[in-house]
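What follows is one structure encoded as structure tokens, with my remarks underneath.
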Amino acid sequence: MKTAFVQALALITSGDRQLGIILVTTLRMALSSSMIALLLGAPLGVLLGSYAGRGKRTLVVINRTLMGLPPVVVGLVCYMLFSGVGPLRHLRLLYTVTGMVIAQVILLVPLIAGSLESHVSTVAPDIRETALGMGLSRGRILLLIINESQYQLVSAYLLGLGRAFAEVGAVSMVGGAIAYKTNVMTTAIMNYTNMGAFTTALALGIILLAISLVLNAGVALLHWRLEG
Amino acid sequence: MKLPPITKTYGNRKVLDLPALELADSTIHTIIGANGSGKSTLARILAGVLKPDDGRFSCMDRVGYMPQRSYPFRMSVLHNLQITGAGRERAMKQLETFGLAGLAHQSAKGLSGGETARLALARILIEDHPLLILDEPTAAMDVAATLLAEKILLEYQARTSCTVVLVTHSLTQARRVAGQVFFLQNGHLVEQGTAEQVLLHPRCADTRAFLDFYAL
């Protein structure tokens, strides 16, 4: 184990080409999908959290159900849509990074929306009542709610990004883990482990852990700066 | 200002059941009563942030309302005042009036409970409102801050001739500032009249019992 760990560190520092391509593909897929999911999920979460009318509970339950979507189910649905007999076959998205990003976005939007919804639901009533009492417009109130949710916004994004890095089920089904094309860190770890190349698998695992550490340190630092 | 009968029900519980009321122009009205008597519910309905049972309540435009849990926005104390549309100079002057000028550039999130309450009152009183509704504005303030807030409120009311509805737990405050007093109990109006009449010579046994309990 110790030897494998040392060899993994050596592989990381050696600038291995294949490892580099896997890392770049992973970053491309995770950053794109989490950013698109933030752009879609954040407004949804803020609107859902600040909405106090009829049907809110139903919408929240639906979103929470979607938060628990099994990645392999999303992968399967996307596979069926993009495959040679699927209705979206003409888009040629199967076994592409774009297809993987679409599958990831489907998984991440409810997660980001749900994370923001639970925060906004707790602060929105007091903000709305205070702001209405001051005669502020509904648009202004929405901006105030977003302003009060700065930390949660970044936190939700990092949650989505972390999930995008760690996800394996959907991306392996839609991307196919093709070397030099759609192989990302999680699928590569699976492949290398199956092939018995534990050193490379461990090297990728270390990088994944390092990314997770950086993300969590970022959240902690942000929380410290925003909350004092 | 004539108010129609107002009722409010949560589930099976009727929390407010009031007859038609009249608010005298240019007068400070104080609403007193124990917890759960419906004071805040009435204030929220008058402010238009809560719908009564029979739909939207239309009071008037430009109602100023300070809720019980007035929210300090995540920005500087000065910006909390400027968000109302007030200029920097006017906002600074208002902060000076409320003894908050030294905290102008601090985050409003870092204020103490009493300072937050002063900021909330300063924020609502920076604009002229024909009808002002304040829900326990001094509950978190110490005695000195409470007396300062009452002085500023009385000056504001005299200057703008506005009608004020003030919800308070403090009977001494009601005596100091109120022209009219409404006493609520379990969502019902038990007694109304001038401050002297209700607080010193109550007609109803329930009002007397309430006042005796608070040893006024």
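The values are calculated or read from the model by the stated rules, or taken from the named source; none is laboratory data. Predicted, not measured: the structure shown is a model, and the values here were computed from it. No Cβ is skipped: glycine too gets one built from the backbone with ideal geometry, and neighbour counts run over all protein chains shown.
Name, by its number, the condition in (1) crowded, with 20+ Cβ neighbours inside 10 Å; (2) within 13 Å of chain B (Cβ to nearest Cβ) that does not hold for residue A:105.
(2)
Of all residues in region B:8-43, count the ones that are among the acidic types (Asp, Glu) and surrounded by 13 or more Cβ atoms within 10 Å (Cβ to Cβ).
1
Quick one: residue A:124 ticks every box in (1) over 21 Å from residue A:154 (Cβ atoms); (2) within 14 Å of another protein chain (Cβ to nearest Cβ) bar one, so which box is it?
(1)
Kindly indicate whether residue B:155 is charged (D, E, K, R) and either closer than 23 Å to residue B:96 by Cβ or part of a strand (DSSP E or B) (or both).
yes
Checking residue B:146 against (1) without any contact (Cβ under 8 Å) to a residue 40 or more places away in the chain; (2) farther than 17 Å from residue B:173 by Cβ: exactly one of these is not met. Which one?
The failed condition is (2).
For (1) part of a helix (DSSP H, G or I); (2) away from chain A (no Cβ under 13 Å); (3) surrounded by fewer than 20 Cβ atoms within 10 Å (Cβ to Cβ), each residue gets a yes or a no:
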| site | (1), (2), (3) |
| --- | --- |
| B:45 | yes, no, no |
| B:50 | no, no, yes |
| B:53 | no, yes, yes |
| B:79 | yes, no, yes |
| B:114 | yes, yes, yes |
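Residues are listed down the side, and each one gets a yes or a no for (1) within 24 Å of the chain's Cα centre (by Cα); (2) of a type in the set (Lys, Arg); (3) exposed (fewer than 15 other Cβ atoms within 10 Å of the Cβ); (4) not in a helix (DSSP H, G or I):
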position	(1), (2), (3), (4)
A:13	no, no, yes, no
A:23	yes, no, no, no
A:31	yes, no, yes, no
A:48	yes, no, no, no
A:53	no, no, yes, yes
A:63	yes, no, no, no
A:76	yes, no, no, no
A:81	yes, no, no, no
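For region A:133-141, indicate whether the set of residues that are within 12 Å of chain B (Cβ to nearest Cβ), part of a helix (DSSP H, G or I), without any contact (Cβ under 8 Å) to a residue 12 or more places away in the chain and surrounded by fewer than 17 Cβ atoms within 10 Å (Cβ to Cβ) is non-empty.
yes
In region B:130-172, which residues are over 30 Å from residue B:210 (Cα atoms) and either among the polar types (S, T, N, Q) or under 13 Å from the mean Cα position of the chain (by Cα) (or both)?
B:160, B:161
Just to be sure before I move on: is residue A:180 part of a loop (DSSP other than H, G, I, E, B), under 20 Å from residue A:208 (Cα atoms) and aromatic (Phe, Trp, Tyr) in the structure I sent?
yes
Could you list all residues from region B:170-216 that are out of contact with any strand residue (DSSP E or B) (no Cβ under 7 Å at 6 or more places or on another chain), farther than 19 Å from residue B:18 by Cα, assigned to a loop (DSSP other than H, G, I, E, B) and in contact (Cβ under 8 Å) with a residue 12 or more places away in the chain?
B:170, B:214, B:216
When you go through (1) among the small types (Gly, Ala, Ser); (2) modelled with pLDDT under 95; (3) not in a loop (DSSP other than H, G, I, E, B) one by one for residue B:86, which number turns out not to apply?
Here residue B:86 meets the rest and fails (3).
Can you tell me which condition residue A:21 does not meet? The list is (1) touching a Phe, Trp or Tyr at 6+ places or on another chain (Cβ under 6 Å); (2) more than 24 Å from residue A:103 (Cβ to Cβ); (3) hydrophobic (A, V, I, L, M, F, W, C), and all the others hold.
Result: residue A:21 fails condition (2) only.
Looking only at region B:123-147, how many residues end up being under 19 Å from residue B:90 (Cβ atoms) and either charged (D, E, K, R) or away from every other protein chain (no Cβ under 14 Å) (or both)?
3
Which of the residues belonging to region B:2-43 are assigned to a loop (DSSP other than H, G, I, E, B), on the phi < 0 side of the Ramachandran plot and within 19 Å of the chain's Cα centre (by Cα)?
B:23, B:24, B:25, B:27, B:34, B:35, B:37
Is it true that some residue in region A:74-84 is more than 22 Å from residue A:183 (Cα to Cα) and of a type in the set (A, V, I, L, M, F, W, C)?
No, region A:74-84 has no match at all.
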